[in-house]
Amino acid sequence: MTTFTELLSYEDALASFDPVMGLEVHVELGTRTKMFCGCSTELGAEPNSQTCPVCLGLPGALPVVNEIGIESAIKIGLALNCEIAEWCRFARKNYFYPDMPKNFQTSQYDEPIAFNGFLDVQLEDGEIFRVEIERAHMEEDTGKSLHVGGATGRIHGASHSLLDYNRAGIPLIEIVTKPIEGAGERAPEVAKAYVAELREVIKALGVSEARMDKGQMRCDVNLSLRPSPEAPLGTRSETKNVNSLRSVERAARYEIQRHAAVLTSGGSIVQETRHFHEEDGSTTAGRIKDNAEDYRYFPEPDLVPVAPARTWVEELRGGLPEMPRTRRNRLREEWGVTEHDMQSILNAGAVDSIVATTEAGADPAAARKWWMGELARNANEQGVVVDELPITPAQVARVAALVAAGELNDKLARQVLEGVLAGEGTPDEVVEKRGLKVVSDEGALGAAVDEAIAGNAAIADKIRGGKVAAVGALVGAVMKTTRGQADAARVKELILERLGVSEG
């Protein structure tokens, strides 16, 4: 096999080829117990402490399916506009991995619980792109390998490996798209938008936190190129376990450029899995990709078929929450913001935080201001999304209330938020500890104003002469004297009163 490290430019790649994608997203369900046994799914336990004969695959151990896992799968299928199977069953997917203690994965093959759906996603310019869903099926996660002694954390160069089976058997839903055609140069953007919208759907359903940074949701990016939209599909590569929205977009873009470089150089694409590298956005070869027949699927003999009653399915359909795109459109109208602003809020992961802050009593404009301003900046510096910051919507609402009451100005409010984020306590405790309340005593303000006028006589004369805009310099002097704790608007009023000048 020839290795190509040079990439064709993105523009040249799209001028010669039509990209086709397929996205496979694995979602870890938030059930209390595993998919086929009663072991806990709680994170952070001692390695191999949450295992039993079933999830370790010991002889004679019999699995029992998790009812909440099935319910979650049906909810996901309904939210993705899928048909829900009247009868389906599990299958054994046979392959050897050290972190698969049974040497097969209990999954679904030709009879998934949900199939033939779609998800409409909105691109950054407002265009709606429909992604067709092939299937959503139930399966179990593998264990975790830890490779020790190497520089990269991968098996190459490691001196030994450790295995933790706590994750083995955790419920997964795999959501597989049909080939995504017609996206053209926007294919990477479509991939990112789809995974982002899917994540919002999963979170809205309450079946998983869908935290990509914690592996609760991960995407395999399948990509192939063909000479034109009329040509047959090309050979695909599968970039595995991509765990951020930005990385999904980068992986698709990189593979378009890599495939194009291989094909224009006269080479052939190898059907293989590939690893994505966050540091530079590149991919490297993993293993030759198996076809379905290589897994020797056959029906799982230890589990009965799943036949969800239609009454149950319709009951679950009736209980579905408002879908994210519908909710965003409603909120956009209620908040009076543009589609671009709403997209920025979504990209920052701030929609739920803003909603919760308004529910805690804040004006929607004030809630947006703080979450999309100071808090978004702080989150960006830390490399997290805003809802991961150590501050609650109720605390942000309290800061907004203090500003509205005139007890804080914006500068002081930013310091209060800084203190809360630093773990110094509630907003009121930070105000008290740091002495941050606005100076509202008229006597103290008057003295500071008189001092500023006396110390800046030339500027005062300009203001008396009609150059009212010069008042800003005196306001600044008072703010400096009061360490930024005065109400700037009230200071301006006092200065003009002292100088006998009307602002109008």
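The values are calculated or read from the model by the stated rules, or taken from the named source; none is laboratory data. These numbers were taken from a predicted model, which means no experiment stands behind them. Because the Cβ atoms are built from the backbone with ideal geometry, glycine has one as well, and the counts that use them run over all protein chains shown. Keep in mind that these areas ignore ligands, DNA and RNA; they rest on the heavy atoms of the full protein, side chains included. Shrake-Rupley method; radii C 1.70, N 1.55, O 1.52, S 1.80 Å.
Tabulated values for the structure
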| quantity | calculated |
| --- | --- |
| Acute angle (nearest 10 degrees) that the helix 488-499 long axis makes with the longest principal axis of the chain, alpha-carbon atoms | 10 |
| Which of LEU58, LEU198, LEU320 is most accessible, then next, and so on - probe 1.4 Å | LEU58, LEU320, LEU198 |
| Inter-site label distance for ASN103 and SER265 at 7 Å from Cα along Cβ, in nm | 4.0 |
| 14 Å beta-carbon shell around GLU374, net charge (K/R +1, D/E -1) | +2 |
| Computed label-point distance, nm, for sites ALA309 and TRP87 using a 7 Å Cα→Cβ extension | 1.8 |
| Simple spin-label estimate for ASP120 and SER145 in nanometres, 7 Å along Cα-Cβ | 4.4 |
| CD proxy at 222 nm, helix term only [per DSSP H run n ≥ 4: -39500 (n - 2.57); per residue of the chain; nearest 500] | -11500 deg cm²/dmol |
| Dipole of the stretch 1-75, positive end: most advanced residue of PHE17, VAL54, THR31 [Cβ charges, Cα centre] | VAL54 |
| Contour excess over end-to-end distance, with Cα ends at LEU499 and GLU451 and 0.36 nm allotted per residue | 16.0 nm |
| List TYR254, TYR295, TYR97, ordered by accessible area with a 1.4 Å probe, largest first | TYR97, TYR254, TYR295 |
| Stokes-Einstein D (µm²/s) once Rh is taken as the Kirkwood radius of the stretch 317-423 over alpha-carbon pairs, at 20 °C in 1.002 mPa s | 150 |
| Beta bridges by DSSP in the chain, antiparallel share as percent, to the nearest 5 | 95 |
| The stretch 7-129: radius of gyration over Cα atoms, expressed as a fraction of 2.2 N^0.38 Å | 1.44 |
| In degrees, nearest ten, helix 245-264 long axis to first principal axis of the chain (Cα) | 50 |
| Euclidean distance between Cα centres, the stretch 370-416 to the stretch 306-369, Å | 21 |
| Whichever lysines have a C-alpha closer than 20 Å to that of LYS34, once near sequence neighbours (fewer than 8 apart) are set aside | LYS75, LYS93, LYS102, LYS144, LYS203, LYS214 |
| Positive-end residue, the chain charge dipole about Cα centroid, Cβ charges, pick of LEU346, GLY234, ALA452 | ALA452 |
| Of all DSSP beta bridges in the stretch 174-333, antiparallel share, percent nearest 5 | 75 |
| ASP99 long-range amide H proximity, modeled H, under 5 Å | none |
| Size of electric dipole in the stretch 88-164: Cβ of Lys, Arg +1 and of Asp, Glu -1, about Cα centre, debye, nearest 20 | 600 |
| Modelled FRET efficiency - R0 30 Å, GLU132 with ARG246, Cβ distances, 0.05 increments | 0.80 |
| ASP302 accessible area, assembled protein chains, probe 1.4 Å, Å² | 60 |
| Solvent-accessible area per residue for the chain (1.4 angstrom probe, square angstrom) | 48 |
| For THR51, solvent-accessible area (1.4 Å; no DNA, RNA or ligand), Å² | 40 |
| Acute angle (nearest 10 degrees) that the helix 324-335 long axis makes with the longest principal axis of the chain, alpha-carbon atoms | 10 |
| ³J(HN,Hα), Karplus 6.51/-1.76/1.60, whole Hz, each residue of the stretch 294-301, x for Gly, Pro | 5, 8, 6, 4, 8, x, 5, x |
| Backbone HN-Hα couplings from phi across the stretch 125-142 [Karplus 6.51/-1.76/1.60, Hz, Gly and Pro as x] | 8, x, 5, 9, 10, 8, 9, 7, 9, 6, 6, 9, 10, 8, 7, 10, 7, 8 |
| Cα centroid separation - the stretch 69-101 against the stretch 209-249, whole Å | 20 |
| Square roots of five times the Cα gyration tensor eigenvalues for the stretch 120-196, Å | 36, 19, 10 |
| FRET efficiency estimate (nearest 0.05) - Cβ-Cβ, ALA405 to GLU322, R0 41 angstrom | 0.80 |
| Amide H contacts of GLU272 (H built 1.01 Å from N, under 5 Å, at least 5 apart or other chain) | GLU238, LYS289 |
| Accessible area in the full protein assembly, largest first, 1.4 Å probe, for LYS369, LYS480, LYS467, LYS492 | LYS480, LYS467, LYS369, LYS492 |
